[in-house]
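Worksheet: one structure, shown below.
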Amino acid sequence: MKKYLEIAKAYMKAQLIWRSDTFVDVILSVAKILFAWILWSILFEGKEQIAGLGFPAMISYYIISSYLFQLEKSAEISRQMTGMLRNGTFSKYMVIPVQTQGYFVAMEAGKIAFSAGIGFLATFLWFYLFRIPFVHTANRKLLLCGSIMVVLGLLFMALLNYFLGILTVKFEEISIFLMIKDNLSAFVTGAVIPLALLPEWMTAGMRFLPFYYVTYLPSMLFIGKCEEEAVTGLIVLGVWCMVFLVLNQVTYEHDRIKYDGAGI
């Protein structure tokens, strides 16, 4: 465990070198919230609620979900692994005294630890400067479930992107998989629009998938909605994480013998 903590600390410090990337992420997140503010101000004109959410609750949802979406940077794992597997430099990760999957998860944790603080400050300033009445729950159970769900959601996305990276050994070119994942993830996680606006039959199907619990449900829990789904969400997301932990290890052990990169 100590080795993985050191890896996370090293990558957290490395983010100080690329401060401009974090700044751009914050600006884009604020731009998204501003766009949502303008759009929903128009849609709420003459209305008290839409899909069970009032205007302050809707904006609070967008601010929280934008913050969570901005934290999730694990797409870099699959792209980095693809590049290294194709140019032969992935060999070094096969000989270091840590589990490869654990290394990349720890790397992601270090990056998140840095961007979490910056993103939280930007979110706080947004509420303060624009005097938004922040809608949130005071229920400690919901806050705890939502916080655990955020951690599990970030872990799942890191495991998913690690799995996609491993597929490079077999398929060599995985850009089609990455394109599908990138285009769908923002929508199915509820980062674009609250999933409550979708037909019930569609959201019912999404509840069996992990993406429903990555951004949408924890954001709803933090504003005091969907209380009845809190425990179920933790179980479903926890099961998906366990499935990918095992799947990744089995796939890696099976495919690593096919890898003929430099240094093997």
Would you mind getting the accessible area per residue of the chain, heavy atoms of the protein chains only, 1.4 Å probe, in Å²? 52
Considering only protein heavy atoms and a 1.4 Å probe, what is the carbon-and-sulfur percentage of the accessible area of the chain? 70
Can you tell me which of 63-72, 92-101 comes out highest on packing, and rank the rest after it, using the mean Cβ neighbours within 10 Å? 63-72, 92-101
Whole percent per 5 Å bin, from 0 to the bin with the longest distance: what is P(r) over all C-alpha pairs of the chain? 1, 6, 12, 16, 18, 16, 13, 8, 5, 3, 2, 1, 0, 0
Order these peptides, 52-62, 152-162, by their mean beta-carbon neighbour count within 10 angstrom, highest first. 152-162, 52-62
Tell me the relative contact order for the stretch 155-264 as a rounded percent, counting alpha carbon contacts under 8 Å between residues six or more apart. 38
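The values are calculated or read from the model by the stated rules, or taken from the named source; none is laboratory data. Being a predicted model, the structure only gives us computed values, none of them experimental. Note that we place each Cβ from the backbone using ideal geometry, even for glycine, and neighbour counts take in every protein chain shown. Areas reflect the complete protein model, heavy atoms only, side chains present, ligands, DNA and RNA absent. Shrake-Rupley method; radii C 1.70, N 1.55, O 1.52, S 1.80 Å.
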